[in-house]
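Below is one structure, written out as structure tokens; comments come after it.
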Amino acid sequence: MLTATDLSRIVALLKQFECNESEAKIYVESLKTGPTTVQELAKKMKRNRVTVHSAVEQLVEKGLLYETRKENRRLIGAEEPDILHRLLQKRENEMKLLKSNLDYVTGLLNSVQAVDKSIPTVKFYEGLDGFKKMLEETLTARGKVFVFTYVDLFSKLLGPEYLEDYFVRRAKKGIYTRLIFPPCAFATRVNKKAKEYNIEVRLLPPELQWKSGIFSWNDSMSLMSYTEGKLTNTIIENKDIAYFYQNVIFELCWAMAKPM
């Protein structure tokens, strides 16, 4: 017997397979019931037959339900739960194909992009999703990322585990990162894995406090505000501005900061 918590976990997982809550519950009910008609399934779930019929058609298309016939009656049955593993494998195969074509297609798109690099491009994001989007963009860095942030706040917002997973993925791409932090537990924690994360950390005096941060890579610079309720992230793409920050401002602050 499934508990409410069990059902919630099942629904959450099936959402990753592009099922909404109603479709997920219909799949579960179909597993319990076995092959049956749409009308009987709707009656059992006390739902509108037209609504259930629409959801069933979607689930058949997604590969979670199948059609069969018995004495000229159309029956709907649920695929075995192991179908989820096969659907995941299919998605992974599609991702491999996507990755194999991505660089080539990106190159084609870049060749037709009309951008005047002398004019700064500004992108604005809000909330935690904006921070995560920026971090993913830094994974395109050509060699180095420069970070100057109040990491105690930043790590609490995103979660230490999320950030450390990002550090691992960044290091695997051969990206070297220099970070200027205030003294805090998270700074000590990541510095212990400096070699694994391919990073170097320096600290500013403990009396300095702020609620913002700067990431810079390639020709981009991200300015972030960590003010509660107003999380913002502004990315400026301009070669001259990025060079000035990376080679003048950051280097001056780096020289003043203390190695751990």
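Checking the conditions here, which among Arg170, Arg189 is among the charged types (D, E, K, R), surrounded by 19 or more Cβ atoms within 10 Å (Cβ to Cβ) and touching a helix residue (DSSP H, G or I) at 6+ places or on another chain (Cβ under 8 Å)? After applying the criteria, what remains is Arg170. Scanning the stretch 93-103 turns up no residue that is in a helix (DSSP H, G or I) and surrounded by 13 or more Cβ atoms within 10 Å (Cβ to Cβ).
The residues of the stretch 136-165 that are open to solvent by less than 40 Å² (accessible area, probe 1.4 Å) and free of Cβ contacts under 8 Å to residues at least 60 places away in the same chain, listed by number, are Leu139, Gly143, Ser155, Leu158, Gly159, Pro160, Leu163, Glu164.
Here Lys230 meets each of (1) surrounded by fewer than 15 Cβ atoms within 10 Å (Cβ to Cβ); (2) more than 21 Å from the chain's Cα centre (by Cα); (3) at pLDDT below 95 with one exception, condition (2). Residue-level analysis places Gln246 outside the set of residues that are at negative phi and exposed (fewer than 15 other Cβ atoms within 10 Å of the Cβ).
The values are calculated or read from the model by the stated rules, or taken from the named source; none is laboratory data. Computed from a predicted structure; not experimentally measured. Using ideal geometry, Cβ is built from the backbone for each residue, glycine included, and neighbour counts are taken over all protein chains shown. Keep in mind that these areas ignore ligands, DNA and RNA; they rest on the heavy atoms of the full protein, side chains included. Shrake-Rupley method; radii C 1.70, N 1.55, O 1.52, S 1.80 Å.
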